[in-house]
Amino acid sequence: MQSADSQIVTERAATGDPIHFGRPWITEDERRAVLEVLDSPILTHGPQCAAFEEEFAAFMGGGVECLTVTSCMAALHLAWLERGIGPGDDVLVAAQTHVATAHAVEWMGARPVFVDCDPRTGNVTAETLERALTPDTRAIALVHYLGIPCDMPAIRAFADANDLWIVEDCALSVGATFDGAHTGTVGDAGTFSFYPVKHLTTGEGGMFVTRHPEVAKKVRKLRAFGIDRSHTERTVPGMYDVPELGLNYRMSELQAALGRAQLARAREALDRRAANFAAIRRALDGIPHVRVIDSTDARAVNSHYCMSVVLEAPLAAHRGELIAKLNRAGVGTSIYYPQPVPRMSYYRDKYGYDASRWPNATELSDASVALPVGPHVTAADAERIGTTVADTIRGLR
Ligand SMILES: *Cc1c(COP(=O)(O)O)cnc(C)c1O
């Protein structure tokens, strides 16, 4: 693998091939795992999903139960269906996140109340949550921004003091821990995404996790039409009852086989991400008006989905120019997230938008650039990204 990578890098240096922002990393083992399922008679309801759930739970630790689902959005929807929130209920939702975090609340008919983030981590804190609390608040929907874990002990204490349920959107935080606890294990439910450019991929896919056995039991039914017993629990084949209004959010065996093989390499991928992040960070050290978003707490372990670099005044006005120059130099970029969720048309039209309420989330959307650190980025690529970004920023006027 290492030598194959070096070869790719030499070719890239010669041709100036672009370093993509995100690329799935699929090996021969993974292709074989999927093909083996195709050769078997079981394509769903099978041993691959069960094994993936157990292996993911073991990877996380903390005694959680895991349930494979079709996406992180599906996992979020199930989390709120299980709670039964609806009209009249407020949920504190991170303003700086993927729309899925808010959409799941919105689909229930509950009202998302958007919460600003800490400008250094991009995460909500017990303090920003407290400031947004309303008399009708029943729950919290937070995200571990770009894999930087929230301060869950403080947020858990705030939630317990106010009798609030916590759903953690862990779509970008496979491997991220705070004080030794994996993201998704301190809240009441956690949701993961296996979309192609995330830490692990199953094409499309996700995982619902919870430390409450009774929640797992109910979500297991809700993800499969609300049917009361699985195939193995039926004494008469084909005989079952439906006590719940469920959905079909089941993952297939092909996806689970791919996910298991990806999970087996998760540690290696996380190490690559951490090394790439550190290399780019070193190159940006000491450049004025540049802020790298990262954890600020010694208890936090970042899972390094990407590196978000904030351009502070007077550089902030030059973000478009920086992105254009980096892309021209073959450095792929993205923006996380392009708008704070309350500024997205759907939410702005429905609830109105008051820019002064989310200054830090707004700065991230309007003045940051996201750089690639994924396992497809070699050590030489990371050096190239670091020098290119540093030189380009120094040249901005
Ligand atoms: C990607 C992402 C999602 C959506 O995940 P899907 O699996 O595509 O539904 C949700 N939340 C966050 C924070 C994400 O990054």
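Residues in segment 79-84 carry Karplus couplings, in order, of 4, 7, 4, 4, 6, x Hz; the curve used is 6.51 cos²θ - 1.76 cosθ + 1.60 with θ = phi - 60°, and Gly or Pro positions show x. Distance from the C-alpha centroid of segment 121-143 to that of segment 37-95: 23 Å, rounded to the whole angstrom. Near Ile19, the amide H atoms lying under 5 Å from its own belong to Val331, Gly332; only residues 5 or more places off or on other chains count, and H is placed 1.01 Å from N. Of all DSSP bridge pairs formed entirely within the chain, close to 55 percent run antiparallel. Between the amide H of Val113 and those of Val91, Leu92, Val93, distances stay under 5 Å, these residues lying 5 or more places away or on another chain, with hydrogens modeled in the peptide plane. Length available on full extension from His289 to Glu127: 0.36 nm per residue minus the Cα-Cα distance, which gives 55.7 nm. For the chain, the per residue solvent-accessible surface stands at 42 Å², with DNA, RNA and ligands left out and a 1.4 Å probe. Given a 1.4 Å probe and the protein chains as shown, Arg32 ends up with an accessible area of around 120 Å². Modelled spin labels at Ala355 and Asp241, positioned 7 Å past Cα toward Cβ, are 5.8 nm from each other.
Here the sum of -39500 (n - 2.57) over DSSP H runs of 4 or more residues, divided by the residues of the chain, equals -12500 deg cm²/dmol at 222 nm, to the nearest 500.
Taking 0.36 nm per intervening residue step and subtracting the Cα-Cα distance, what contour gain separates Ala58 from Ala154 on full extension?
Here the segment from Ala58 to Ala154 would lengthen by 32.1 nm.
Report the Rg/Rh value for the chain, based on alpha-carbon coordinates and the Kirkwood definition of Rh. Mind showing how you got there, number by number?
Numbers: Rg = 21.5 Å, Rh = 21.9 Å.
Looking at the chain, the ratio lands at 0.98.
Annotation: peptides 147-156, 129-138, ranked by per-residue average of other Cβ atoms within 10 Å with the highest first, follow the order 147-156, 129-138. Given R₀ = 22 Å, what would the calculated FRET efficiency be for Ala275 paired with Asp297, taking r from the Cβ atoms and rounding to 0.05? Between Ala275 and Asp297 the formula returns 0.55.
Suppose the chain between Ile42 and Arg282 were pulled fully straight at 0.36 nm per residue; how much longer would it get relative to their current alpha carbon spacing?
81.5 nm
Taking all protein chains in place and a 1.4 Å probe, what share, in percent, of the accessible surface of the chain do carbon and sulfur account for? About 54 percent, which is the carbon plus sulfur part of the accessible surface. Across segment 40-92, the volume of the C-alpha convex hull divided among the residues equals 117 Å³ per residue. Extending 7 Å from the Cα toward the beta-carbon at both Ile26 and Arg348 defines two label points whose distance is 3.7 nm. 3J(HN,Hα) along segment 39-54: 7, 9, x, 10, 9, 8, 6, x, x, 5, 4, 4, 5, 4, 4, 5 Hz, from the Karplus curve 6.51 cos²θ - 1.76 cosθ + 1.60 with θ = phi - 60°, whole Hz, x for Gly and Pro. 3J(HN,Hα) along segment 359-374: x, 6, 5, 5, 4, 4, 5, 9, 10, 10, 10, 9, 10, x, 9, x Hz, from the Karplus curve 6.51 cos²θ - 1.76 cosθ + 1.60 with θ = phi - 60°, whole Hz, x for Gly and Pro.
Between Ala313 and Thr134, the simple spin-label model (points 7 angstrom out along Cα→Cβ) gives 3.2 nm.
The values are calculated or read from the model by the stated rules, or taken from the named source; none is laboratory data. Not measured: the values here are computed from a predicted model. Virtual Cβ from ideal backbone geometry, glycine too; neighbours counted across all protein chains shown. Ligands, DNA and RNA are excluded from the accessible area calculation, which covers all protein heavy atoms including side chains. Shrake-Rupley method; radii C 1.70, N 1.55, O 1.52, S 1.80 Å.
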